[in-house]
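Colleague: Sharing a structure here in structure tokens format.
What follows draws every value from the coordinates through simple rules; no lab data is involved. This is a predicted model, so every value here is computed, not measured. Methodologically, a virtual Cβ is constructed for each residue, glycine included, from the backbone with ideal geometry; neighbour enumeration extends over all protein chains shown.
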Amino acid sequence: DGSVANVLKAKAAGIPVFCMDREINSLTAATSQILSDSYSGAVAIGKYFTQTLNKKGNYVELLGIVGDNNTWARSKGFHSVVDNYNGFKMLAQQSADFDRNKAMEVMESILQAHPDIDAVFCGNDGMAMGAYQALVSSGKADKVKVFGFDGDDDVITSIGENKVAATGMQFPKVMAETAAIYADEYIKGKRDFPQKVPVAVELVTYANISDY
């Protein structure tokens, strides 16, 4: 919300604004917004989550920055699937600001309050690695399944080593390239651009890890 006013200032000055990966809450301010389809990506993770845990279990959710649209798109996508099953119980939902170290601290305190956890869904891969570190420290890494989002190199490696269960692969290069092409077209005179361009997110698991 806070970014809309600044983008409108640029627009008033005749300066086009192309948003990459970070969404603003306006459909008329930016020239175009090129965004990961976080909601659909999290739906795919939610489906894999329910299958992996046989539709039951106690879990924790680590949220990203509370003021970021990506945080809620991922959370809502995940819950749109998981909340349909009575066998799941969310023991805690806390923000760790997309930060690895903070996620480790938050996870450590959650584990003290709730030692019986089957899985953790994290709004990004940094938090997934932090949560995994906390699980290793508490001797529970082999009992608790960790799910992330982003497609970070260290999480891809961890999925290949059967440490992390899954992530959603984003394509930042596709977003950047699309924005660059649009900006070039704008400079050359084009003015009609799609307001939102969703970039697909792919589910990465141990089964398809060799593709990445």
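Colleague: Using alpha carbon centroids, what distance separates the range 12-35 and the range 152-212, in Å?
Modeller: Cα centres, the range 12-35 to the range 152-212: 19 Å.
Colleague: Within the range 73-169, report the GluC sites (Glu not before Pro) that DSSP leaves as loop and that have at most 10 other Cβ atoms within 10 Å.
Modeller: Here the sparse-neighbourhood loop sites are Glu161.
Colleague: Quick one: if you stick a label point 7 Å off each Cα along the C-beta vector at Lys55 and Ala13, how many nm between them?
Modeller: That separation, rounded to one decimal, is 5.7 nm.
Colleague: Taking Cα pairs under 8 Å and at least six residues apart, what relative contact order does the range 64-188 come out at, in percent?
Modeller: 19 percent
Colleague: Return the lysines within reach of Lys196: Cα separation strictly under 26 angstrom, same-chain partners fewer than 8 residues apart disregarded; answer none if there are no such residues.
Modeller: Candidates past the 8-residue exclusion: Lys9, Lys11, Lys47, Lys76, Lys173, Lys188.
Colleague: Can you compute the modelled spin-label distance between Lys143 and Ser40, with each label point 7 Å from Cα toward Cβ, in nm?
Modeller: Spacing of the two 7 Å Cα→Cβ label points: 3.9 nm.
Colleague: How large is the helix-only mean residue ellipticity at 222 nm for the chain, computed as the sum of -39500 (n - 2.57) over DSSP H runs with n ≥ 4, divided by its residue count, in deg cm²/dmol to the nearest 500?
Modeller: -13000 deg cm²/dmol
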